[in-house]
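Remarks on the structure that follows.
The values are calculated or read from the model by the stated rules, or taken from the named source; none is laboratory data. Everything numeric in this text was worked out from a predicted model, so none of it was measured. Reconstructed Cβ throughout: ideal geometry from the backbone, glycine too, with neighbour counts over all protein chains shown.
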Amino acid sequence: MPIANSVADKITSFSAVNAVLAALWSRDRTGKGQKVVVNMIDAWASFILHDEMRNHFFMDSDAPAPPRSGAHRAFKAKDGYVTALAIQDTQFEGITKILNRTDLLADKRFAVLRERMWNMSALNDELGRTIETMTVDELTAAAREHDVPLAKVQTLEEFFDYPQALHNKIFPVTTDSEYGRMRGLTYPAVFHGSPLDLSARAPTLGEHTGQILGEAGVAAGDIDRLRESGTVR
């Protein structure tokens, strides 16, 4: 199913930040500024399509067009869903033991990494037949024992209480005088020299107008007149 998420918008923003930082670095070295343009479709393509390009990079070779990737899949278990990506030989061997499908080790389609990647959809079809007979807890416990990258597919509500999410403080909770408890999202980078303060919610429209204009040197009376005229909120 399509991902209900504005991926293109978000990666364009991240790409723009990287581009601006590079332009600032160039300005520091050359003394010259420059205009930076980030196109949304370009940002989307450079971020998403690397995994799909593969042999499409080699335009003048006779390399066969790769099949559509079947590596990323959610598997239906007895009582939920799991996802797994057993690519390396040790991982592949481990998941065949978990599922009692060691017969797949001798299958020419999967025996070596290159063929396994080429036939990942067929492999996942084989694995899925056994996965659906086991519970999520059975699968994840066995995966830990055999060092196989397999995990439960969680709902958003379940992820709120996921141990790693709690440890990383991904969803910081603050108390707001107007709205009560507020769940936020952390910033993905940790700055050890200048830690972030995420104790406040995002401001409402116009909430900090007076503070910002005051710090910029605008007199209180002028701020009032700007508000009365509708120039600012």
Check your understanding: Is at least one residue of region 127-142 outside the structural domain of Y81 (by TED's automatic domain parsing) and basic (K, R)?
Key -> no
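Determine if region 175-185 includes at least one residue that is under 19 Å from Y81 (Cβ atoms) and modelled with pLDDT under 95. Explain how you work it out, then say what you get.
Here is the first cut: in region 175-185, the ones under 19 Å from Y81 (Cβ atoms) are none.
Checking region 175-185: not a single residue is under 19 Å from Y81 (Cβ atoms) and modelled with pLDDT under 95.
Given the structure, is E145 out of contact with any Gly (no Cβ under 8 Å at 6 or more places or on another chain) and not assigned by TED's automatic domain parsing to the domain that holds N100?
Details: out of contact with any Gly (no Cβ under 8 Å at 6 or more places or on another chain): yes; not assigned by TED's automatic domain parsing to the domain that holds N100: no.
Against the criterion (out of contact with any Gly (no Cβ under 8 Å at 6 or more places or on another chain) and not assigned by TED's automatic domain parsing to the domain that holds N100), E145 does not qualify.
Looking at the structure I just gave you, is E115 modelled with pLDDT of 95 or more, more than 15 Å from A74 (Cβ to Cβ), of a type outside the set (V, I, T) and part of a helix (DSSP H, G or I)?
Values: modelled with pLDDT of 95 or more: no; more than 15 Å from A74 (Cβ to Cβ): yes; of a type outside the set (V, I, T): yes; part of a helix (DSSP H, G or I): yes.
The answer is no for E115.
Of K76, K108, which residue is among the charged types (D, E, K, R), surrounded by fewer than 20 Cβ atoms within 10 Å (Cβ to Cβ) and in a strand (DSSP E or B)?
Values: K108 fails: in a strand (DSSP E or B).
Selected residue: K76, the only one of K76, K108 that is among the charged types (D, E, K, R), surrounded by fewer than 20 Cβ atoms within 10 Å (Cβ to Cβ) and in a strand (DSSP E or B).
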Take the conditions at pLDDT 95 or above and either hydroxyl-bearing (S, T, Y) or in contact with a helix residue (DSSP H, G or I) (Cβ under 6 Å, 6 or more places away or on another chain) (or both) and apply them to A216. Does it pass?
no
When every residue in region 79-99 that is out of contact with any Ser or Thr (no Cβ under 9 Å at 6 or more places or on another chain) and part of a loop (DSSP other than H, G, I, E, B) is compared, the one surrounded by the most Cβ atoms within 10 Å (Cβ to Cβ) is L85
How many residues of region 174-188 are surrounded by 10 or more Cβ atoms within 10 Å (Cβ to Cβ) and over 25 Å from A4 (Cα atoms)? The answer is 4
Restricting attention to region 93-118, the residues that are touching a Lys or Arg at 6+ places or on another chain (Cβ under 9 Å), in contact (Cβ under 8 Å) with a residue 12 or more places away in the chain and over 18 Å from E132 (Cα atoms) number exactly 4
In region 173-203, anything of a type in the set (K, R) and assigned to a strand (DSSP E or B) is listed as R181, R183
